[in-house]
Amino acid sequence: MIKYICAKDEYEAGSCAARIFAEIINSKSDAVIGLATGSTPLKMYAKLVEMCKNSEISFKNVISVNLDEYIGLQPSHDQSYAYFMRENLFKHIDINPDNTFIPNGVSQDDLSECDRYNNVLEKIGGVDVQLLGIGHNGHIAFNEPNSFFTKDTSIVDLSESTINANSRFFISKNDVPRRAISMGIGRILRSKRILLLATGESKAKILEESLFGRITPQIPASILQFYQGEMIVVGDKAAFSEIIKNHPEVL
Ligand code: F6R
């Protein structure tokens, strides 16, 4: 069953998501946490940093795995996801950098890198809680609309819609990488818990469509309706607006 938490705004949604993560980590100090990048989790990461500074939470024994990375960006590039994680979370908390895993977007051989990352995930064991954002086209991680659901970590061609959406972070659209390495959907569904975080009006339609509409690889997030673990959707009122209108009973 999916649990829905509708927060007042993106700050409250971020704090709520951070508290859920903190609770899991506080009850299992060596928890494996699955992390995402993008605009959505920024408030949540800021709250986790604050909680760590106030000694409300410690990441000393925590292991983190990230969903994806652009192919072709060095970890030092300010739009790489390695850089994003370092700047927005890792360097501010007491996590051991050796316990943080992100696909390498600049390996010699991308296919071998997918295998390596799958092996890393396999070795680490189950993810206790996986954070997900959602793309405007319904992608989760970088699993784009397709004719099939991906199983394991793979190389993906980013869709035009994702390239357009993410061009806001780059000087020009031409600078946005065209390919990424992404954890597969099969792998995501193996996490013990999933926390789907969505904020802003622009996510309202796709959030509702994904969670209440047809289950199809054309809307990758729709597969979450089949998820067997514990799933919490945290969003602000704007992102929840279509759900509030059409499915008020779930709130
Ligand atoms: C990022 C990721 C993506 C984002 C999604 C939403 O690691 O996996 O699926 O969660 O593109 O991005 P924002 O939050 O920027 O709207």
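What follows draws every value from the coordinates through simple rules; no lab data is involved. Since the model is a prediction, treat every value here as computed from it, not as a measurement. Reconstructed Cβ throughout: ideal geometry from the backbone, glycine too, with neighbour counts over all protein chains shown.
Summary table below
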item: Candidate aspartates and glutamates - alpha carbon under 19 Å from LYS3, same-chain residues fewer than 8 apart omitted; result: GLU12, GLU23, ASP128, GLU208, GLU209, GLU230, ASP236, GLU242, GLU249
item: Full-extension gain in nm, ASN26 to GLN225, via 0.36 nm per residue minus C-alpha separation; result: 68.8 nm
item: Placed amide H near THR100: partners under 5 Å, 5+ positions off or other chain; result: SER64
item: Long-range HN-HN contacts of MET231 with modeled amide H, under 5 Å; result: LYS3, ILE194
item: Set of lysines with alpha-carbon distance to LYS53 below 27 Å, sequence-local pairs under 8 removed; result: LYS8, LYS28, LYS43, LYS91
item: Phi to ³J(HN,Hα) by Karplus 6.51 cos²θ - 1.76 cosθ + 1.60 over the range 58-63, Hz, x for Gly, Pro; result: 10, 9, 3, 10, 6, 10
item: Label-zone membership for the range 145-179, site LEU111, 7 angstrom Cα→C-beta point, backbone N under 12 Å; result: 155
item: As computed over the range 134-251, the Cα convex hull volume per residue (Å³); result: 101 Å³
item: Kirkwood Rh, Cα atoms: Rg over Rh of the chain; result: 0.93
item: Stretch gain in nm, segment ASP157-SER172, where the contour uses 0.36 nm per residue and the Cα spacing is subtracted; result: 3.6 nm
item: Distance (nanometres) between label positions extended 7 Å along Cα→Cβ at ARG214 and LEU42; result: 3.6 nm
